[in-house]
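The structure appears right after this line, and notes come after that.
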Amino acid sequence: VEWSHEALVACLDLGITITFLTPGGDARGFGMPTCDPGTRQNQRIEEFLSRSDWAALYSNWFRAYERLEILGVVRGFKIRARDLRPEPVREAIENRLTRFAPRKFCQVFKKSLDGLLAAQVNETLAAEKLAPAMLVERRPGFHFPRDAIRVLGWRLYADILHYFERGSPVPRDFRTASWRRRVVTIFQSCGRREQRRILRYLDSFWFWLGG
């Protein structure tokens with residue numbers, strides 16, 4: 001899709017967020033309206049990132065939250081992973097899904113859902129009046145939207161499993177417009193749930209920062 005510069009700016013002026021997706025469906029970038037970096041929540045992020053030990057502290061919180069999400073998926077899939085680190089668990093999940101469809105299809109399916117989740121995360125962060133400059137690379141390695149998508153994306157594996165267990169068809173070509181529309185419909189069916197999960201993730205982050 002080709003957009004003019006004026007159209008992009010008009011969307012941002014109206015408070016409409018933009019998520020740029022690759023042909024495969026995964027998120028490549030974000031466009032968020034600017035907002036006041038001096039608000040209380042933005043300043044809380046700034047104060048935290050001013051600490052010399054912010055990276056270690058944030059990593060501990062992020063990994064703990066991700067571990068909870070991974071545990072939920074492992075229990076739902078009833079699988080045995082070598083350990084609970086992301087890569088072994090992802091491999092075990094994909095091995096389970098390949099009973100229904102080729103691994104490549106399962107990976108593209110997941111990336112497509114992740115891209116739609118990215119758009120919803122982007123929209124929610126903008127609605128919360130969080131400044132893009134505070135969320136992305138305010139300090140090297142800090143990318144709040146990317147981390148939220150990674151953590152919350154684990155739950156989407158269960159939606160893929162549910163799709164297969166219902167006996168839904170696997171398309172011959174997952175690059176078609178009709179399949180992309182189907183993926184959008186699948187994600188929209190759990191959109192309210194994902195919105196609650198995004199807000200819960202944010203609430204957990206604010207509480208961890210100090211209430």
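Here's the yes/no breakdown for (1) touching a residue at least 60 places away in the same chain (Cβ under 8 Å); (2) open to solvent by 20 Å² or more (accessible area, probe 1.4 Å); (3) farther than 16 Å from residue 119 by Cα:
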site: 132; (1), (2), (3): yes, yes, no
site: 136; (1), (2), (3): yes, yes, no
site: 142; (1), (2), (3): yes, no, yes
site: 150; (1), (2), (3): yes, yes, no
site: 153; (1), (2), (3): no, no, no
site: 159; (1), (2), (3): no, yes, yes
site: 162; (1), (2), (3): no, yes, yes
site: 173; (1), (2), (3): no, yes, yes
site: 183; (1), (2), (3): yes, no, no
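For the stretch 198-211, the candidate set comprises residues that are in contact (Cβ under 8 Å) with a residue 12 or more places away in the chain and open to solvent by 20 Å² or more (accessible area, probe 1.4 Å); within that set, the residue that is nearest to residue 119 (Cα to Cα) is 199. In the stretch 40-61, the condition of being among the β-branched types (Val, Ile, Thr), in contact with a Cys (Cβ under 7 Å, 6 or more places away or on another chain) and touching a residue at least 12 places away in the same chain (Cβ under 8 Å) is met by no residue.
If you check 188, 107, 120, which single one turns out to be farther than 16 Å from residue 26 by Cα and polar (S, T, N, Q)?
Details: 107 fails: farther than 16 Å from residue 26 by Cα; 120 fails: farther than 16 Å from residue 26 by Cα.
So the residue among 188, 107, 120 that is farther than 16 Å from residue 26 by Cα and polar (S, T, N, Q) is 188.
Would you say residue 104 is of a type in the set (D, E, K, R), within 29 Å of residue 175 (Cα to Cα) and free of Cβ contacts under 8 Å to residues at least 24 places away in the same chain? Considered against the rule, which asks whether it is of a type in the set (D, E, K, R), within 29 Å of residue 175 (Cα to Cα) and free of Cβ contacts under 8 Å to residues at least 24 places away in the same chain, residue 104 comes out as yes. Would you be able to say whether some residue in the stretch 186-197 is in a helix (DSSP H, G or I), of a type in the set (A, V, I, L, M) and closer than 22 Å to residue 121 by Cβ? Checking the stretch 186-197: at least one residue is in a helix (DSSP H, G or I), of a type in the set (A, V, I, L, M) and closer than 22 Å to residue 121 by Cβ. Listed by position, the helices (runs of 4 or more DSSP H) enclosed by the stretch 17-129 that each have at least 1 residues that are among the hydroxyl-bearing types (Ser, Thr, Tyr), open to solvent by 20 Å² or more (accessible area, probe 1.4 Å) and over 19 Å from residue 183 (Cβ atoms) are 54-77.
The values are calculated or read from the model by the stated rules, or taken from the named source; none is laboratory data. What you see is a predicted model, and the numbers here were worked out from it, not measured in a lab. Using ideal geometry, Cβ is built from the backbone for each residue, glycine included, and neighbour counts are taken over all protein chains shown. To get the accessible areas, we keep the full protein, side chains included, count just its heavy atoms, and leave off ligands, DNA and RNA. Shrake-Rupley method; radii C 1.70, N 1.55, O 1.52, S 1.80 Å.
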